[in-house]
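Peer 1: I have a structure here, written as structure tokens, and I will follow up with some questions on it.
The values are calculated or read from the model by the stated rules, or taken from the named source; none is laboratory data. Everything numeric here is computed off the predicted structure, so don't read it as measured data. Backbone-built Cβ (ideal geometry, glycine too); neighbour counts: all protein chains shown.
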Amino acid sequence: MQEIGKIGKWYVALPCIAFSVKEREIIRKYGFMTYPEFLDNFYVRHKTRGFKLFIKLLKQYKDHVVFAIAPDYKYDLMKTLKRAYPYVNWIFPLHRKSELDIAQDLDFEWIGMPHRKQWRNYTIQWLKENANGFKLWYLGFWNVKRPYLLHYFDGFDTTIPEFFSGKCGKIWITWNKTVKSEKSMKIIEIFEINVRNFRNAIIELSKGYK
């Protein structure tokens, strides 16, 4: 597997199709994956659109895509895409316990757990006890009060640095700790500080892994 996006013990992506060129440069500068290295299938945001945009981007970026989230519930399409793009690290988005057998039958290496509990009928504990042989990805990680949960996973994606810079104008210091930025600071400056601090926090968290 390519080591792009490996920080500490995790593969980490800060994905957003709307990121500017400068934002993506900053993300890659600190070792994270972003779009299109990590390709979301847009299911949560655009459920009614199908997966046309996702497939279009797969065709456009081809071997630039390192990780991709397989189309939710579309098992035949998953099989087709895995065969067409074998170099991609495909993540099976697991919503139901019963889908674990399907992921096994389709020969997936990665299982993705949605962050929001309403999108799944299982717990992290159940996943760890039953997903033997799979690598685990935390989809949309946002548990800033319990970052230690990441130790159950092998990779994750998140919008934490972007949210606090773009939405809040705050500097992200570390887990569950932010401060107001100076009024003179540009959003892109805050963003880079947040990305850098986030990387440092991940590395420190990784050191605590046993």
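Peer 1: So if I check each of L136, L205, L127, L150, which one is surrounded by 14 or more Cβ atoms within 10 Å (Cβ to Cβ) and part of a strand (DSSP E or B)?
Peer 2: L136
Peer 1: Among the numbered conditions (1) at pLDDT 95 or above; (2) within 24 Å of S98 (Cα to Cα), tell me where K177 comes up short.
Peer 2: Failed condition: (2).
Peer 1: Which count do you get for residues in segment 106-124 that are buried (at least 17 other Cβ atoms within 10 Å of the Cβ) and more than 16 Å from the chain's Cα centre (by Cα)?
Peer 2: Counting residues in segment 106-124 that are buried (at least 17 other Cβ atoms within 10 Å of the Cβ) and more than 16 Å from the chain's Cα centre (by Cα) gives 3.
Here's the yes/no breakdown for (1) surrounded by 14 or more Cβ atoms within 10 Å (Cβ to Cβ); (2) modelled with pLDDT of 95 or more; (3) in contact with a strand residue (DSSP E or B) (Cβ under 7 Å, 6 or more places away or on another chain); (4) not in a loop (DSSP other than H, G, I, E, B):
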| site | (1), (2), (3), (4) |
| --- | --- |
| M1 | no, no, yes, no |
| F19 | yes, no, no, no |
| K22 | no, yes, no, yes |
| E25 | no, yes, no, yes |
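Peer 1: Exactly one condition in (1) within 20 Å of the chain's Cα centre (by Cα); (2) of a type in the set (V, I, T); (3) not in a loop (DSSP other than H, G, I, E, B) is false for V144; which is it?
Peer 2: Every condition holds for V144 apart from (3).
Peer 1: Would segment 155-174 turn up any residue that is in contact (Cβ under 8 Å) with a residue 40 or more places away in the chain, small (G, A, S) and either within 19 Å of R116 (Cα to Cα) or surrounded by 14 or more Cβ atoms within 10 Å (Cβ to Cβ) (or both)?
Peer 2: Yes, the conditions are met somewhere in segment 155-174.
Peer 1: Same structure, new question: Mind listing whichever residues of segment 98-115 are in contact with a Leu (Cβ under 9 Å, 6 or more places away or on another chain) and of a type outside the set (A, V, I, L, M, F, W, C)?
Peer 2: G112, P114, H115
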